[in-house]
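S.K.: Here it is: the structure, laid out below.
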Amino acid sequence: MRFGAARDTARALWPPGIYPVAGTVEVVFQYLKRRPPFDDEPLRRELMIRLNGIEGIDLAEAKLDLRPSFPLEVFSGHGEEICAVLEWFAHTAALADARRMADDDPETSRRRNGR
């Protein structure tokens, strides 16, 4: 599950890594902390809080910069809740990307500055 332009791997985002053989889902805060907008610690913390709100997920606060995991079986009983968190993640990333693109657009900058 990857968000962002397929050809722009430096900016691609993916919140979990799924390991079916091991039966775990790894939340990749370690990688997110280097990728906007999740390089902002409060956004990573919000992702952790949202995930921890799902029964069966208990990510330790001390692992906010690491790759904590939870059992894959949580998906079977809480798919809708996990989808809601992933939708929030995608929306947050898309909104930040749109803002960045608007800030990079000279026409938008001129209109904002009244020129």
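S.K.: What FRET efficiency comes out for Glu87 versus Glu41 if R0 is 22 angstrom and r is the Cβ-Cβ distance? Round to the nearest 0.05. Please report the intermediate quantities before stating the final value.
M.R.: Working: r = 22 Å, r/R0 = 0.98.
Between Glu87 and Glu41 the formula returns 0.55.
S.K.: Want the number for Tyr31 to Ile49: 0.36 nm per residue separation, take away the alpha-carbon distance, what's left?
M.R.: 4.7 nm
S.K.: Would the range 24-99 count as rounded, prolate or oblate if I go by the C-alpha gyration tensor, calling it rounded below 1.5 in a/c and otherwise prolate when a/b exceeds b/c, oblate otherwise?
M.R.: Values: a/c = 2.21, a/b = 1.35, b/c = 1.64.
In terms of gyration-tensor shape, oblate.
S.K.: Could you check the simple spin-label distance between Ser76 and Ala60, using points 7 Å along Cα→Cβ, in nm with one decimal?
M.R.: My value for the distance between the label points is 2.7 nm.
Where a number appears in this text, it was derived from the coordinates with a stated rule and is not lab data. Note that the structure is predicted; figures quoted are calculated from it, not measured. Methodologically, a virtual Cβ is constructed for each residue, glycine included, from the backbone with ideal geometry; neighbour enumeration extends over all protein chains shown.
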